[in-house]
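A quick write-up on the structure given underneath.
Read the figures in this text as sums done on the coordinates, not as results from a lab. Just so you know, these numbers come straight off a predicted model, no measurement behind them. Every residue, glycine as well, gets a Cβ built from its backbone with ideal geometry; the counts of neighbours run over all protein chains shown.
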Amino acid sequence: GAVVSQHPSRVICKSGTSVKIECRSLDFQATTMFWYRQFPKKSLMLMATSNEGSKATYEQGVEKDKFLINHASLTLSTLTVTSAHPEDSSFYICSARTGKDEQFFGPGTRLTVL
Amino acid sequence: GNSVTQMEGPVTLSEEAFLTINCTYTATGYPSLFWYVQYPGEGLQLLLKATKADDKGSNKGFEATYRKETTSFHLEKGSVQVSDSAVYFCALRSNQAGTALIFGKGTTLSVSS
């Protein structure tokens, strides 16, 4: 299947700093990428849908000014957690959609905010 | 809105036991249904899917049948192995092109030898 990578796999930061997470589709072009957040023992919560060259569409309750999403190319989307706080600590997973409308997932990024 | 409910885990089984993980959904129209698996330290992988009523998805000995009358997509395997230990997610996607997957809460399966 298609490969999606995320970087970094783990990040620890101080409260108040910003963290950028990259999501790349390695062997296909993805016009649409999705960002999910996974809480301990809970499901993946869809945060936003990212379309190349346009603004992301955020799900209800997700702060767009806090979670900045950029989809500058057909193989790269970034999620920036601005002014991170301990409650933002979580596992963030991206997913990229192929031209055949299949969805492939990255391995996730563990964010810990101290 | 659309939602997925799956049985709470963890599910603990001995090798070669029969596995059922229940999944029901709420959706308008005719969604596609999926089971994803997340092995320790790895990303989500598609296990199987079904796109219309009465379809049966199967892969690696796992099966699930799309039951519209009961809005269910239960996952089954006749004989589990230790290597099947993972978290299993039931998911749906509406039939609108480009929409995201909506997931259940996940069920942890632990198989011992």
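Please identify, among B:63, B:42, B:15, the residue showing maximal mean-square fluctuation in a Gaussian network model of chain B using a 10 angstrom Cα cutoff.
Most flexible of the set in this elastic network: B:42.
Write down Rg/Rh for segment A:59-114, rounded to two decimals, with Rg from the C-alpha atoms and Rh from the Kirkwood relation over Cα pairs.
Working: Rg = 12.9 Å, Rh = 12.9 Å.
Result: Rg/Rh = 1.00.
Among the Cys residues of chain A, which have no other cysteine Cβ under 4.7 angstrom away?
A:13
So, in nm, how far is label residue A:63 from label residue B:54 when the simple model puts each one 7 Å beyond its Cα toward the Cβ?
5.1 nm
Per residue and in Å³, how big is the convex hull formed by the alpha-carbon atoms of segment B:27-113?
Considering the Cα atoms of segment B:27-113, their hull volume per residue is 100 Å³.
Between segment B:88-109 and segment A:20-85, how far is it from one alpha carbon centroid to the other, in angstrom?
A separation of 17 Å, based on Cα centres.
Stokes-Einstein D for the protein assembly as shown at 25 °C, 0.890 mPa s, Kirkwood Rh over Cα pairs, in µm²/s?
The Stokes-Einstein estimate is 135 µm²/s.
Efficiency by 1/(1 + (r/R0)^6): what FRET value for residue A:7 and residue A:100, r their Cβ-Cβ distance, R0 = 22 Å, to the nearest 0.05?
The computed FRET efficiency comes out at 0.30.
Gaussian network model of chain B, Cα springs within a sub-10 Å range: biggest mean-square fluctuation belongs to which of B:38, B:96, B:81?
Result: B:96 has the largest fluctuation of those listed.
Dimensions of chain A along principal axes (Cα, Å, largest first)?
Principal extents (Cα only, largest first): 40, 25, 22 Å.
Evaluate E = 1/(1 + (r/R0)^6) for residue A:29 and residue A:83, where r is the Cβ-Cβ distance and R0 equals 41 Å; express this FRET efficiency to the nearest 0.05.
After rounding, the FRET efficiency stands at 0.80.
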